[in-house]
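The values are calculated or read from the model by the stated rules, or taken from the named source; none is laboratory data. Fair warning: this is a prediction, and the values are worked out from it, not measured in the lab. Heads up, the Cβs are rebuilt from the backbone with ideal geometry, glycines too, and the neighbour counts pull from every protein chain shown. The accessibility values were calculated without ligands, DNA or RNA, using every heavy atom of the protein model including side chains. Shrake-Rupley method; radii C 1.70, N 1.55, O 1.52, S 1.80 Å.
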Amino acid sequence: MSLHPEITPLAFLIGTWNGEGRGEYPTITDFTYGEEITIAAPPDKPFLTYTQRTWRTGDHPEAGAPLHTETGYLRAAGPGRAEAVVAMPTGVVEVHAGTVNDDVLRLETTTVGATSTAKEVRSVARTLEVDGDELRYELWMAAVGQENQIHLTATLRRRGPDPFLEAAIAEARLGRDEGGIPIGSVLVVDGEIIGRGHNRRVQQGSPVLHAEIDCLEDAGRLDAATYRRSVLYSTLSPCDMCSGAVLLYEIPRVVVGENHTFQGPEAYVRSRGVEVEIRDDAACRTLMEEFIAANPALWNEDIGE
């Protein structure tokens, strides 16, 4: 991956970070949450992408249920300066400006935009500090008639390679070595792989054996409750057919290696309540870029063009 020189001062943030945090505010009951933040650098682009999701933890009866998600972009704005835009499904968009020094990013809102039905948010301040593979952050907020005060604190750890995505990549390479299209998939339930597959349209002369379908076939018949707590990994954004299988079996989460070389109906799948996480993985992208360059006609056949 080629890192754009303008975002070098922000490169310390790149990675996927997992951990736990604590929330408080005068208008709510204190709570704990699990969190995952992914900050990635698109090749040769002068910005970083930012995605975040949280879920309930502790003794709450809905522990594990999704809480909040947000997405946005970070970019450098000159020596020691940074900017960010963060959008939330609550109808709020934050525009930030701030400083970046010694692996510490400090941001304060210059503008808070909101839809007509969003709750009042007057200002937000975010501090992210990285020490090795540990990220600590605070979020201060003035909202719903309250003065500016602490709302969220968390400590996260940078995550190493994802063994499930690595397993999907291994399937993709197996398909490539068989003379097929290098797309792989695994189905994970309760932290274990229960199905593996790769695109075998060429090998089997099949019109339907995309990687995800091959993976679901390998997993065999499952009851509805099992599908509903599963995670489907795919090295490439699932097409209409494979996305349909996700919706049919109500698989709640899909982890995608990359969506640069092909993008399926991700927005529609999300609109149906499925969490779609894009990892922007370099190995996944390289597999597809090399294959498409060498086999354009075969690739166009696979995607119906």
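A crude spin-label estimate for the pair residue 174 and residue 222, with each label 7 Å from Cα along the Cβ direction, gives 1.7 nm. As a fraction of the 1.4 Å probe accessible area of the range 14-138, surface on carbon and sulfur atoms comes out at 50 percent.
Near residue 27, once Lys and Arg are set to +1 and Asp and Glu to -1 for all other residues with Cβ below 15 Å from its Cβ, the sum equals -2.
Size check on the range 129-181: the Cα extents along the three principal axes, sorted descending, read 62, 28, 12 Å. Comparing 218, 240, 59 in a Gaussian network model of the chain where C-alpha atoms under 10 Å apart are linked, the largest mean-square fluctuation is found at 59.
Taking the accessible area of the range 147-211, probe 1.4 Å, and keeping the other protein chains in place, the carbon and sulfur fraction comes to 49%. First compute the accessible area of the range 245-286 with a 1.4 Å probe, then give the percent of it belonging to carbon and sulfur atoms. Exposed carbon and sulfur together represent 52 percent of the surface.
Under the shape rule built on the C-alpha gyration tensor, where the axes satisfy a ≥ b ≥ c, the range 10-166 is oblate, since a/c reaches at least 1.5 while a/b does not exceed b/c. Here the relative contact order of the chain, from alpha carbon pairs under 8 Å that lie six or more residues apart, stands at 10 percent.
The percentage of C-alpha pairs in the chain whose separation is greater than 29 Å is 42%. Please calculate how many Å² of accessible area the range 75-174 carries per residue, with a 1.4 Å probe and no DNA, RNA or ligand atoms counted. Here the residues of the range 75-174 average 52 Å² of exposed surface.
Report the rotationally averaged projected area of the range 179-305 based on its alpha-carbon convex hull, in square nanometres. Please report the intermediate quantities before stating the final value.
Working: hull surface 29.3 nm².
Convex hull of Cα atoms, orientation-averaged projection: 7.3 nm².
On a full-extension model of 0.36 nm per residue, what is the gain between residue 97 and residue 282, subtracting their alpha-carbon distance, rounded to one decimal in nm? The partial results should precede the final answer.
Values: separation 185, 0.36 × 185 = 66.60 nm, distance 2.96 nm.
Extra length available between residue 97 and residue 282 comes to 63.6 nm.
For the range 105-112, 3J(HN,Hα) computed residue by residue from phi via the Karplus equation (6.51, -1.76, 1.60; θ = phi - 60°) reads 10, 10, 10, 9, 5, 9, 8, 10 Hz, glycine and proline entered as x. Here r is the Cβ-Cβ distance between residue 262 and residue 146 and R0 is 51 Å; the resulting FRET efficiency, rounded to 0.05, is 0.65.
Report summary: the helix-based calculation at 222 nm, which adds -39500 (n - 2.57) for every DSSP H run with n ≥ 4 and divides by the residues of the chain, gives -6000 deg cm²/dmol. Peptides 13-25, 117-129 ranked from most to least packed give 13-25, 117-129, packing being the mean of other C-beta atoms within 10 angstrom over each peptide's residues. A simple spin-label model places the labels of residue 118 and residue 55 2.7 nm from each other, with each point 7 Å out along Cα-to-Cβ.
Whole number please: convex hull volume per residue of the Cα set in the range 1-43, in Å³? Don't skip to the end; give the middle numbers.
Numbers: hull volume 4.3 nm³, N = 43.
It is 101 Å³ per residue.
Compared with the dominant principal axis of the Cα atoms in the chain, helix 163-177 is inclined by about 30°.
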